[in-house]
Amino acid sequence: MATAPPATWRRVAVVAALMLAAFSFNTTENLPIGLLRLISADLGVSPSGVGYLVTGYGVTVAVVSLPLAHLTRSLPRRHLLTVLLAALALASWVSALGPSYGLLLGARIVTAVAQALFWAVMGPVAVGLFPPEVRGRVIGALSFGGSLATVAGVPAGTWLGQHESWQAPFLLLGVLGVVSLVLIAGLLPTSRPEEGHAAFGAAPDRRRFGIVLATTALSVTGAFAGFTYVVEFLDEVSGFSREWTGGLLAVFGAAGVVGVTVTGPLLDRFPRATLTVPVAAQAVALLVMSGAGTRQAVTVAMLALLGSAVGPVFMATQNRVLRVAPGRTEMALAANSAAFNAGIAAGALLGGAALPAVHVRGTFLLGGLLTVAALGVLLSEWRLPPAALPDAHKADPPAVRTGAAEGA
């Protein structure tokens with residue numbers, strides 16, 4: 001017999017906890033970018049070596065996302081998320097307390113494994129708690145939490161690392177993971193993963209799903225080919241002093257929050273435009289920074305444009321995947337997360353490999369060209385016939401139509 005949906009305040013609190021967890025995971029993933037020089041000096045590794053902390057993280061998520069999503073597809077999401085957030089907290093503390101580069105890398109791999117599953121199940125859990133007509137707004141809220149990592153998490157972590165130690169922000173991230181854990185464990189309903197309208201794609205289409213995955217991989221590879229080394233770019237190309245780093249990263253992050261905030265409410269009405277426009281904007285930002293990055297005003301403007309594009313790209317691809325997934329949405333989201341993190345790894349790897357030959361300015365040119373390729377793939381969707389739009393009530397499982405709990 002179907003159970004009543006949880007009270008509104010409980011559903012909102014669960015989404016808030018997921019937003020906090022997304023903030024913590026995203027901050028952890030990208031924090032070495034802001035702390036590059038500090039970690040390099042303290043552990044005695046090259047800047048490229050610190051960049052590989054981002055690469056290793058992305059490779060791990062890319063490799064384990066689909067297998068882990070398959071292995072855990074029948075586990076209650078409340079139990080699974082509790083374990084993942086416990087792993088986030090413990091690995092963050094090990095990162096802070098570990099005395100070596102190898103231990104830091106190992107802790108980040110553990111966090112990456114947890115993040116791989118988190119991104120696969122977070123969307124269906126949150127979307128499944130609310131009616132289908134507000135799906136875009138729920139995805140927007142989750143993306144807002146993730147985007148705050150760039151406007152608040154990474155800049156604040158960079159500032160804290162510069163004034164205390166690079167280990168201090170990892171200690172704090174462990175605490176945030178515990179807060180999310182307590183809220184999820186106490187408030188998220190326990191239900192079967194296949195229950196609820198968010199368990200399956202609304203308009204399954206394998207071709208469009210493939211286009212989304214390719215767009216994700218190429219655009220993220222392009223973004224991180226340059227952005228992984230943005231601290232070096234600001235110093236060597238634009239001539240900003242080290243004290244400006246945190247503030248400029250905050251500009252990038254603030255623009256990302258604005259982009260996500262503006263784009264979120266438009267996802268359901270304009271699914272193509274909300275993905276196409278940010279990809280095009282990212283290409284422009286990377287190419288202009290490469291060509292005119294010696295002008296500080298141009299760099300600041302393009303850094304803001306880049307920030308306003310990167311967040312909406314991931315949000316829009318997640319929303320599209322929930323729509324066109326050819327099967328269970330957590331498997332499709334795991335594939336998109338794998339593509340995203342493969343892009344992070346490939347971008348950081350390509351940027352690091354190209355750095356000695358073309359210098360940091362050339363990495364932004366490389367990133368811009370890859371993003372142009374992503375735009376070309378995305379525009380190819382316009383040649384496909386219109387997607388079939390199944391009746392919403394026929395697509396929903398009986399439990400949803402009778403008001404069952406939608407807690408993924």
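The values are calculated or read from the model by the stated rules, or taken from the named source; none is laboratory data. On a predicted model such as this, the values are computed, not experimentally measured, just so you know. Quick reminder, even Gly has a Cβ in these numbers, built from the backbone with ideal geometry, and neighbours come from all protein chains shown. With ligands, DNA and RNA removed, areas are computed over all heavy atoms of the protein, side chains included. Shrake-Rupley method; radii C 1.70, N 1.55, O 1.52, S 1.80 Å.
Quick one: 3J(HN,Hα) in Hz for the range 104-112, Karplus 6.51/-1.76/1.60 with θ = phi - 60°, rounded, Gly and Pro as x.
Each residue's phi maps through the Karplus curve to give 4, 4, x, 5, 5, 5, 4, 4, 5 Hz.
With each label point set 7 Å from Cα along the Cα-Cβ vector, what nm distance links Leu75 and Ser46?
Result: 3.8 nm between the two label points.
Identify the residues of the range 334-363 with backbone N under 14 Å of a label point that sits 7 angstrom from the Cα of Thr294 along the Cα-to-Cβ direction, or state none.
Backbone N within reach: 361-362.
How large is the convex hull of the Cα atoms of the range 5-109 per residue, expressed in Å³ as a whole number?
Here the figure is 107 Å³ per residue.
Go through the range 359-366 residue by residue and turn each phi into a ³J(HN,Hα) via Karplus (6.51, -1.76, 1.60, θ = phi - 60°); whole Hz please, and just put x for glycine and proline.
Each residue's phi maps through the Karplus curve to give 6, 5, 5, x, 5, 6, 4, 4 Hz.
Can you order the peptides 151-158, 257-264 by their average number of other Cβ atoms within 10 Å per residue, highest first?
Descending mean neighbour count gives 151-158, 257-264.
Among 18-29, 107-118, 74-85, 219-230, how do they line up by average Cβ neighbours within 10 Å per residue, starting with the highest?
My ranking of the peptides, most packed first, is 219-230, 18-29, 107-118, 74-85.
Amide H neighbours of Ala203 under 5 Å, counting only residues 5+ apart in sequence or on other chains, H built in-plane at 1.01 Å?
Answer set, sorted by chain and number: Val324, Ala325.
Quick one: what are the phi-derived ³J(HN,Hα) couplings along the range 138-144, Karplus 6.51/-1.76/1.60 with θ = phi - 60°, whole Hz, x for glycine and proline?
3J(HN,Hα) across the range 138-144, in whole Hz: 5, 4, x, 5, 5, 5, 4.
When each pair of different Cα atoms in the chain is counted once in the 1/r mean, what is the Kirkwood radius in angstroms, to one decimal?
One decimal place: 21.0 Å for the Kirkwood radius.
Round to the nearest 10 and give me the degree value, 0 to 90, for the angle of helix 296-324's Cα axis relative to the longest principal axis of the chain.
20
Return one number: the angle in degrees, 0 to 90 and rounded to the nearest 10, between the long axis of the Cα atoms of helix 8-34 and the longest principal axis of the Cα atoms of the chain.
So the helix axis and the longest Cα principal axis differ by about 20 degrees.
Given all pairs of different Cα atoms, what value in angstroms does the Kirkwood hydrodynamic radius of the range 222-310 take?
13.3
Quick one: ranking Leu181, Leu287 by accessible area, 1.4 Å probe, largest first, what do you get?
Leu287, Leu181
Given charges of +1 on the Cβ of Lys and Arg and -1 on the Cβ of Asp and Glu, with all other atoms neutral, how large is the dipole of the chain about its Cα centre, in debye to the nearest 20?
Roughly 820 debye for the chain.
On C-alpha positions alone, give me the angle between the axis of helix 245-263 and the longest principal axis of the chain, in degrees, nearest 10.
Roughly 30 degrees between the two axes.
If Glu330, Glu133 are ordered by their accessible area, calculated over protein heavy atoms with a 1.4 Å probe, which sequence runs from highest to lowest?
The ranking, largest first, comes out as Glu133, Glu330.
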